[in-house]
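Throughout, read-outs are computed from the coordinates displayed, never taken from laboratory work. Every value quoted in this text rests on a predicted model; they were computed, and no experiment measured them. Backbone-built Cβ (ideal geometry, glycine too); neighbour counts: all protein chains shown.
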């Protein structure tokens with residue numbers, strides 16, 4: 001699941017409703033603090049109501065998974081913003097951090113009301129109204145000093161299909177803002193994602209078409225641009 005790409009799309013929908021959030025992640029250094037916050041603003045939209053939930057974020061079977069947790073609390077758990085209002089969401093870590101980075105996700109779901117914009121479509125006989133709701137997934141990184149990512153790229157083949165494995169043997173996440181792969185003469189857009197520490201994230205490449213190498217291009221969170229060619233085993 002490419003949650004970062006989903007976050008960017010959600011922020012685009014939010015901006016269309018005159019809504020913003022800053023920053024877009026909760027970052028904690030456990031040696032300095034066990035709290036972090038973000039601020040939501042509604043400078044020009046209608047009244048908007050939200051529910052907030054936090055889940056533990058991990059990786060299983062090459063995919064991101066989200067599980068209930070009591071490690072973290074958020075306040076408030078729900079809020080309403082009228083035009084021109086703002087709201088700070090505060091997060092508190094209850095679990096003692098070790099040497100490895102801890103990762104969570106804060107899910108913010110808009111609750112529909114009479115001010116929620118909608119789009120109409122259909123025929124003269126049947127009409128459908130679809131409401132545009134904001135859904136945000138904000139990452140929480142509890143990153144101890146000295147922790148760092150160490151990502152290796154691998155490509156494997158099953159039948160005619162290829163898979164890119166991003167293997168992170170480090171103990172902190174690596175974020176890719178832009179990620180793509182060149183398979184033969186075909187470019188595959190892999191979106192944006194984060195590879196958590198001590199985990200493997202698997203991304204489908206589709207048909208390999210006889211290609212024996214895959215060239216991966218990326219831009220990381222710091223803006224560094226890289227390129228690596230991986231040979232199939």
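Just order 23-30, 175-182 by mean Cβ neighbour count inside 10 Å, highest at the front, would you?
175-182, 23-30
Quick one: grab the alpha carbon gyration tensor of segment 27-66, order the square roots of its eigenvalues as a ≥ b ≥ c, and give me rounded if a/c is under 1.5, else prolate or oblate depending on whether a/b is larger than b/c.
Oblate shape, in that a/c is at least 1.5 and b/c is the bigger or equal ratio.
Let me know the volume per residue of the alpha-carbon convex hull for segment 20-142, in Å³.
It comes to 133 Å³ per residue, whole-number rounded.
Round to a whole angstrom and tell me the spacing of the C-alpha centers of segment 161-195 and segment 22-86.
Each part reduced to its Cα centre gives a spacing of 26 Å.
Given contacts defined as C-alpha pairs under 8 Å and at least six residues apart, what's the relative contact order of segment 151-231, whole-number percent?
Details: 191 pairs, mean separation 26.4, N = 81.
Across segment 151-231, relative contact order equals 33 percent.
Considering just Cα atoms, how many Å³ per residue does the convex hull of segment 151-231 enclose?
Output value, Cα hull per residue: 76 Å³.
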